[in-house]
Amino acid sequence: MRSVRPILKTLLLLAPLTLSLTLGAARAGGGAAPPAAPTPTVSPASAVQPARQAARVSLRALADARGLLFGAAVNHTLFDPNEPDYARTLNRHFNAVVAENAMKWAGLHNNREAFAFGFADAIVDTAVKNGQTVRGHTLVWHDSLPPWVYTIQTREELLRAMQDHVTGVVTHFRGRVHIWDVVNEAVSDAPGHPLRPSPFLNLIGPDFIDEAFRAAHAADLGAKLYYNDYNTDGLNGKSDAVYELVRGMLARGVPIHGVGFQAHLNTDFDVKGAQVQANLQRFRDLGLDVQMTEVDVQLRPARPEADELARQAAVYRDLLRTCLNVQCAGFVTWGVTDFNSWRAGGRPLIFDDMYDPKPAFAAVAQELAR
Ligand code: G3I
């Protein structure tokens, strides 16, 4: 059980921030020291005020009011009796849920002869009971595959295995899961960003992507089908490659409805400088939905804590504002709280180890309420 009085802790957390801002102002006013590099932060007044409001604001209510899917990735902690605040925080602040690992191929179909839906069903049924939307993650990915997939030798056999997996999973969750990351991270980081080598590309060929989307669509005509990737948030060579990939799919009549931008970032990420809005808008202009699907913003070590927390808040603020500016369909953080994030050391989420709201929470609340 984690229990320190949230408000006190948050105020303690924000005090140095307020202090440094006041000092900065004084220094800029008359002091000799060179002016510090301008830190993109949330304003001092608004930094303190949200701390007092934090306990009263429900991000979920604000997101519902905007019709925005505002979600978090969840893992086994959801069912840990020693962590009741996990479910409490999730249900109070998020109207959508993604299984961090439970719905990956190895999680659902480790044994070739049979699916194992137990854990994933528990996550989905709990979400549905709490009125939350579920994003299905992910059907076809080069990672988290069971050993038997690597034993397959022919295009025909792997194509059928992939189609059977997609059909089996989407059919099982039809009516409960309405959004799927059908293919994840199929574009490589190598120069020129060709498709990423994987059992699917190597054995089936580049059309494995189209075939995966067709199988998912056939299994659930009502589901929204996404292509999802990372390092594609701004205008760059990789997002260009994803843009050409999905534009080609649309031209071939492949049933794709949206693109997911993972946004695994750090506090140096410059949302404006990276031209995230222009990037997202060009996908919107193709008639596709866009979602920020795995947002986290890692703190950089060895920097003043208050400055880093303020920079983190600014990145969350700018990313969410940009997302809303292009009428994005969703904004999902990759985890609920720092202590069990996949990169916990960087404390990348909006709730700290004690489930207390961080300055990033305040920035997100202000943006959702704007
Ligand atoms: O469940 C097994 C457990 O039985 C075993 O004892 C333990 C030790 O090896 O491993 C556990 O599986 C781990 C699993 O997380 C559950 O904790 C895997 O080793 C580990 O690789 C897996 O890491 C996940 C990773 O994807 C790979 O699937 C991370 O939690 C998850 O945050 C990460 O998420 C990905 C997205 O799906 C796609 N985009 C990038 C993102 C970050 O890598």
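Rounded to the nearest 5, what % of the DSSP beta bridges within the chain are antiparallel ones?
The antiparallel proportion sits near 10 percent.
Would you calculate the volume per residue, in Å³, of the smallest convex hull containing every Cα atom of region 138-226?
92
So, by mean Cβ neighbours within 10 angstrom, what's the order for 288-294, 66-72, 340-346, 121-127 with the highest one leading?
In descending order of packing, they fall as 288-294, 66-72, 121-127, 340-346.
How many lysine pairs does the chain hold where the Cα atoms are under 22 Å apart and the two sit 8 or more places apart or on different chains?
Total qualifying Lys-Lys pairs in the chain comes to 4.
Sorted from largest down, what three extents in whole angstroms do the Cα atoms of region 299-370 have along their principal axes?
The principal-axis extents, from largest down, are 35, 23, 18 Å.
For the modelled label position 7 Å from the Cα of D64 along Cα-to-Cβ, which residues of region 104-144 have backbone nitrogen atoms closer than 19 Å?
125-135
Just to verify a number: FRET efficiency for E305 and K272, C-beta to C-beta distance, R0 = 30 Å, to 0.05?
The value I calculate is 0.75.
Cut-off 10 angstrom, C-alpha nodes, Gaussian network model of the chain. Which of P348, P359, P304 fluctuates the most?
P304
Return the FRET efficiency for the residue pair D164, A122: r is the Cβ-Cβ distance, R0 is 30 Å, and the value is rounded to the nearest 0.05.
0.80
As a test of the formula, what do you get for the chain when each DSSP H run with n ≥ 4 contributes -39,500 (n - 2.57) and the sum is divided by the residue count, at 222 nm and rounded to the nearest 500 deg cm²/dmol?
Helix-only estimate at 222 nm: -13500 deg cm²/dmol.
So what does log10 I(q)/I(0) come out to for region 229-361 at q = 0.17, 0.18, 0.20 Å⁻¹, using the Debye formula with one equal point on every Cα and no solvent?
-0.85, -0.93, -1.09
By how many degrees, 0 to 90 and rounded to 10, does the Cα axis of helix 155-173 deviate from the longest principal axis of the chain?
60
On a 0 to 90° scale, report how tilted helix 208-219 is relative to the longest principal axis of the chain, with both axes built from alpha carbons and the result rounded to the nearest 10.
Tilt of helix 208-219: around 90 degrees.
Quick check on the exposure proxy: order W334, W148 from fewest to most C-beta atoms within 10 angstrom.
The order, fewest Cβ neighbours first, is W148, W334.
To the nearest 10 degrees, how steep is helix 6-30 against the longest Cα principal axis of the chain, on a 0 to 90 scale?
Computed tilt is about 60 degrees.
If Lys and Arg each add +1 and Asp and Glu each add -1, what is the summed charge of the other residues whose beta carbon sits under 11 Å from the beta carbon of S198?
Taking every other residue near S198 into account, the sum is -1.
So for the pair K129, N101, with labels modelled 7 Å out along Cα→Cβ, what separation do we get in nm?
2.3
For the chain, state the average projected area of the convex hull of the C-alpha atoms over all orientations, rounded to one decimal in nm².
Over all viewing directions, the chain projects a mean Cα-hull area of 19.2 nm².
Read the figures in this text as sums done on the coordinates, not as results from a lab. On a predicted model such as this, the values are computed, not experimentally measured, just so you know. Neighbour counts are summed over all protein chains in view; Cβ atoms, including those assigned to glycine, are modelled from backbone coordinates with ideal geometry.
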